[in-house]
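Enquirer: I have a structure I would like to understand better, so I am pasting it below and will then ask my questions one at a time.
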Amino acid sequence: MNEIKKLTNEEFNELITSAEKPVLIDFYADWCGPCKLQTPIVDEFAEELSEKIIVAKVNVDECYDVCVKYKIASIPTLMLFKGGEPVEKTVGLTEKAEISDMVIKHL
């Protein structure tokens, strides 16, 4: 299993603007209980669709600029980017089926 990359502010911008596949970003914090529950769901989803999407994580405590730019007010937040732009977003603990529904229409 590939480990999901944790991005810095600079890496975030580079990834979403240069990616040829949709990018799913998991905005989280280490202290967040629901984020800890979200992690295995996102990991499983990433493993299943690794050929079609890129999945990465952003720690809200470490990437303030990105969080302000995309108005991340609650975590966990999952945001899907395509062509460098946000196209879908879920806030709160999200089941795998809902993540699938969100992503599949943008493949």
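The values are calculated or read from the model by the stated rules, or taken from the named source; none is laboratory data. Keep in mind the model is a prediction, meaning the values are calculated, not measured. Cβ sites come from the backbone with ideal geometry, for glycine too, and all protein chains shown count toward neighbours. Surface accessibility is based on the protein's heavy atoms, side chains included, excluding ligands, DNA and RNA. Shrake-Rupley method; radii C 1.70, N 1.55, O 1.52, S 1.80 Å.
Enquirer: Just one of (1) 2, 10, 11, 14, 11, 11, 11, 12, 11, 6, 2, 0; (2) 2, 11, 18, 21, 17, 13, 9, 7, 2, 0; (3) 2, 13, 27, 28, 21, 8, 1 is P(r) over Cα pairs in 5 Å bins from 0, in percent calculated from these coordinates, so which is it?
Expert: (3)
Enquirer: Which longest uninterrupted range of the chain lacks any GluC sites (Glu not before Pro) assigned by DSSP to a loop state (not H, G, I, E or B) and surrounded by at most 10 other Cβ atoms within 10 Å?
Expert: 52-107
Enquirer: Still on this structure, I have one more. Within segment 76-107, list the trypsin sites (Lys or Arg not before Pro) lying in a DSSP loop whose Cβ has at most 13 other Cβ atoms in a 10 Å radius.
Expert: The qualifying sites are Lys105.
Enquirer: A further question on this structure: So if each residue of separation counts as 0.36 nm, and I subtract the Cα-Cα distance between Asp30 and Glu10, what length gain in nm does that give? Don't skip to the answer; put the middle values down first.
Expert: Working: separation 20, 0.36 × 20 = 7.20 nm, distance 2.03 nm.
Roughly 5.2 nm would be gained on extension.
Enquirer: Okay, moving on. With +1 on the Cβ of every Lys and Arg and -1 on the Cβ of every Asp and Glu, and nothing else charged, how large is the dipole of the chain about its Cα centre, in debye rounded to the nearest 20?
Expert: In debye, rounded to 20, the chain gives about 280.
Enquirer: For segment 63-107, place one equal point scatterer on every Cα, skip the solvent, and apply the Debye formula. What is log10 of I(q)/I(0) at q = 0.22 Å⁻¹?
Expert: -0.80
Enquirer: What percentage of the solvent-accessible surface of the chain, computed with a 1.4 Å probe over protein heavy atoms, is contributed by carbon and sulfur atoms? Before the final figure, lay out each step's value.
Expert: Numbers: 3070 of 6040 Å².
Carbon with sulfur: 51 percent of the solvent-accessible area.
Enquirer: Please identify every one of the chymotrypsin sites (Phe, Trp or Tyr not before Pro) in segment 27-98 that sits in a loop by DSSP and has no more than 15 other beta carbons within 10 Å of its own beta carbon.
Expert: In loop regions of segment 27-98 (DSSP not H, G, I, E or B), the sparsely surrounded chymotrypsin sites (Phe, Trp or Tyr not before Pro) are Trp31.
Enquirer: Still on this structure, please answer the following. Which cross-chain or sequence-distant (5 or more) residues have an amide H under 5 Å from the amide H of Ile72, H modelled 1.01 Å from N in plane?
Expert: For Ile72, no residues qualify.
Enquirer: Here's something else I'd like to know. How much accessible area per residue does the chain have, in Å², with a 1.4 Å probe?
Expert: Details: 6040 Å² over 107 residues.
Result: 56 Å² of accessible area for each residue.
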